[in-house]
Amino acid sequence: MLGKLFKPRWQHQNPDIRRQAIEKLDECNEKHQRILAGIALDEKQHDLQGIAIGKLSSIEDLGRVLAATPSITVSQTVAKRINTLLEKKPETEDALVRLISQSEDNRVVAGLIAGSHRPELQQKLMESCQNEDCLLLIANTAPLAKTRQLAAEKIQNTALLEALAKTSKGHDKTLYRIARDRLKSLRDNIRKDEKIQQTLVSLCEKTEGLSRSAFTPLLPNQLQHLKQQWQEAQGSLSELDSRFQQAAEQCQTLIESHAG
């Protein structure tokens, strides 16, 4: 009974009284910060929760709110507060980078990255984000178009790009174009790599065939031509290089055995 009588005003049943109490809490007061962090996690009325979030000064507290509340509205409110803190407190950037590197929650990381409206910082934060599922989440949910586009441009996984193209089609023309262009580029690169691999395998097989054949006066020129083709195909960078070099050495031994 006494607990109900002396309950803090920010826990009052009347939302108007809770609002007045939350608005009076001082964001510069450490004790009030702890109270605001609790309100941001526990308040069920979104507008009042938003007021509390808008007064939080700790990136860690904002990260906990993101982890606890799977709401786009809350994520956007947190993002707005992060951007405000970045403008007011330069040290916020270091705390942001640290929390992103430590968090394993994609929603938290996506929300924190989206919170920065500075392109150069977003670029830095996304470089440290190795999880492409997280990048897809940013591309789909970040409030700023530039943020969504930056995330999309960093996705390398074709399945995720296909998913992004599907969700953005008819809703975000620029994002859809980026996803389709990235898919085309990646598929072109895959086909190019496959063609190069086929060329290298063919050169290995030809050189191995020469190494097993009888000596002819044409062998030195044939070997030189194959070596030149191997170099042009950047075979030295391939896992097949040792195979080619072994066959080429056998050819060279055959040539030297017939010298003079």
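All of the numbers you see were taken from the coordinates with simple rules; none came from a lab. Values in this document were obtained by computation on a predicted structure and should not be read as measured data. Note: ideal-geometry Cβ built from the backbone for every residue, glycine included; neighbour counts use all protein chains shown.
Quick look at the values:
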read-out: 19 Å tail of the calculated P(r), region 1-57, as % of Cα pairs; value: 21 percent
read-out: For region 120-260: rounded, prolate or oblate by the Cα gyration tensor [a/c cutoff 1.5]; value: prolate
read-out: Cβ-placed point charges (K, R +1; D, E -1), dipole of region 50-172 about Cα centre in debye, nearest 20; value: 420 debye
read-out: Cα-centre dipole for region 82-154 with unit charges at Cβ (Lys and Arg positive, Asp and Glu negative), debye to 20; value: 240 debye
read-out: Residue-averaged 222 nm ellipticity for the chain, from DSSP H runs of 4+ at -39500 (n - 2.57), nearest 500; value: -23000 deg cm²/dmol
read-out: Sites Thr167 and His225 - FRET efficiency at Förster radius 41 Å, r taken between beta-carbons, to 0.05; value: 0.20
read-out: Average Cα contact separation per residue, the chain, under 8 Å, 6 or more apart, as relative contact order %; value: 9 percent
read-out: Calculated Rg and Dmax of region 82-154 using C-alpha coordinates, Å; value: 11.0, 31
read-out: Listed candidates [x] 6, 22, 19, 14, 12, 10, 8, 5, 3, 1, 0, 0; [y] 8, 34, 39, 16, 3, 0; [z] 6, 24, 28, 21, 14, 5, 1, 0 - label of the one calculated as P(r) over Cα pairs in 10 Å bins from 0, in percent; value: [x]
read-out: Magnitude of the charge dipole, the chain, Cβ model with Lys/Arg +1 and Asp/Glu -1, debye to 20; value: 1200 debye
read-out: Given charges at Cβ of Lys, Arg, Asp, Glu: the chain dipole, positive-most of Ser213, Thr147, Gln130; value: Thr147
read-out: Overall form of region 47-133 per C-alpha gyration tensor (a/c, 1.5; a/b vs b/c); value: oblate
read-out: Degrees between helix 173-212 axis and first principal axis of the chain (Cα, 0 to 90, nearest 10); value: 30 degrees
read-out: Partners for Lys195 among lysines (Cα-Cα distance below 21 Å; same-chain residues under 8 apart left out); value: Lys184, Lys206, Lys227
